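The structure appears below as structure tokens.
The values are calculated or read from the model by the stated rules, or taken from the named source; none is laboratory data. Everything quoted here is computed from the prediction, not taken from an experiment. Positions of Cβ are backbone-derived with ideal geometry, glycine not excepted, and every protein chain shown enters the neighbour counts. Just so you know, the surface numbers come from the protein's heavy atoms only, side chains and all, with ligands and any DNA or RNA stripped out. Shrake-Rupley method; radii C 1.70, N 1.55, O 1.52, S 1.80 Å.
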Amino acid sequence: MSKRRRCRPDDEAQVKSIFSRRDFVRSGALVAAALAGSKDAFAAAAGQPPADEGSAIRLGVASYTFRNFNRVQLIGFLKQLNVLALNAKDVKDHLPMEPQEEAAALADYAAAGIKLHAAGTIYFPKDEDADIRSKFDYCKRAGIGVIVAGDPTPETLPRIEKFVKEYDICFAIHNHGPEDKIWHSPLDVLKAVKGMDPRMGCCIDVGHTVRAGTDVVQAIREAGARLFNVHMKDLANFEKKDSQVAVGDGIMPVKKIFEALGAIKYKGFVDLEYEIHADDPMPGVIESFAYMRGVLAGMG
């Protein structure tokens, strides 16, 4: 029997100034991130991994963030961010489903030192072996250990579970908030996979989770070992999908999310999925990484 894959790829003092408390914390985070970033620049020049790769919380990018840009541009953005971890999607030419085109993409990522840890969101509209197998083959060819799945029905999960066991690939169902007909919240996913193979679990999208009225920190704790991927974003209003902002500019409890991930000994990646300003995402992406890295630096 083959060894199972490990699916979890290891204030309040009053500040008398012109800054609000959030601005004060944000400023400190950005300063810490700037210092960390300078170290990252030297590390990158020396061929070393980014500083956050050694952190308990590892940061990555969901390629959907750069959906309006091709693979060459995507790689350029990742190098600028000094992020080597990618959650790839079959959008533009990021990670095509066709085997030969996929092989070309994988060669480009390998040459750039970029590692793919997840693929998605991948959709499973058919309760058929051939369709499901094609998606697992796609990820196996890429050496990807986590499928982020968008829309499997509860009825298809027993069939999908067979492929999870055969391929030793973790299956992370992505919740899409109030608009999702089935998977509003990670809690819906956890109910559906209870008692199934431990490689059947969830990808928590923090933005969609809070819009579903679910406490995202508690959801992380409840998911525990069945949490295989996290999509990070921020919102200015938890009831409005179109209120997304750069991470740190909204009201998402980022530090508490990181603390909860630490508490469950989460070994996967926190992938930034920045869905706004699709034609010019880098300013918001840079700001988001600066904030997240600053929070992590402040947490020690």
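With Cα atoms defining each centre, the range 251-300 and the range 55-76 are spaced 13 Å apart in the structure.
Each Cα pair under 8 Å and six or more residues apart adds its separation to the average, and for the range 187-247 the resulting relative contact order is 33 percent.
Taking Cβ atoms as reference points and 10 Å as the exclusive limit, the residues near ALA104 contribute a net charge of -4, counting Lys and Arg as +1 and Asp and Glu as -1. At a 1.4 Å probe, what is the % contribution of carbon and sulfur to the accessible area of the range 72-220? With neighbouring chains kept in place, the figure for the range 72-220 is 53 percent.
Counting only DSSP beta bridges whose two residues both lie in the range 139-216, roughly 0 percent are antiparallel.
Can you tally the net charge around SER134? Count Lys and Arg as +1, Asp and Glu as -1, for every other residue whose Cβ sits under 12 Å from the Cβ of SER134.
Computed value for this residue: -2.
Over the range 143-237, calculate the relative contact order: mean separation of alpha carbon pairs under 8 Å at least 6 apart, over the residue count, as a percent. Intermediate results must be reported in sequence, preceding the final value.
Working: 166 pairs, mean separation 26.2, N = 95.
After rounding, I find 28 percent.
Each residue of the range 135-189 gets 77 Å³ once the volume of the Cα convex hull is shared out per residue. A simple packing score, the average count of other Cβ atoms within 10 Å per residue, orders the peptides 78-85, 155-162 as 78-85, 155-162, with the highest score first. Which aspartates and glutamates, on any chain, are close to LYS233 with Cα under 13 Å apart, when same-chain ones fewer than 8 places away are left out? Correct list for LYS233: ASP205, ASP242, ASP249, ASP271, GLU273, GLU275, GLU287. Taking every alpha-carbon pair under 8 Å whose residues sit at least 6 apart, the range 208-300 reaches a relative contact order of 30 percent. Placing unit charges on the Cβ atoms of the charged side chains and taking the dipole of the range 96-176 about its Cα centre, the candidate lying farthest along the positive direction among ASN175, ILE132, GLY145 is GLY145.
Label positions at ARG141 and ASP93, each projected 7 Å from the Cα along the C-beta direction, are separated by 1.6 nm. The count of lysine pairs in the range 106-210 that are at least 8 places apart or cross chains, and whose C-alpha atoms lie under 21 Å apart, stands at 17.
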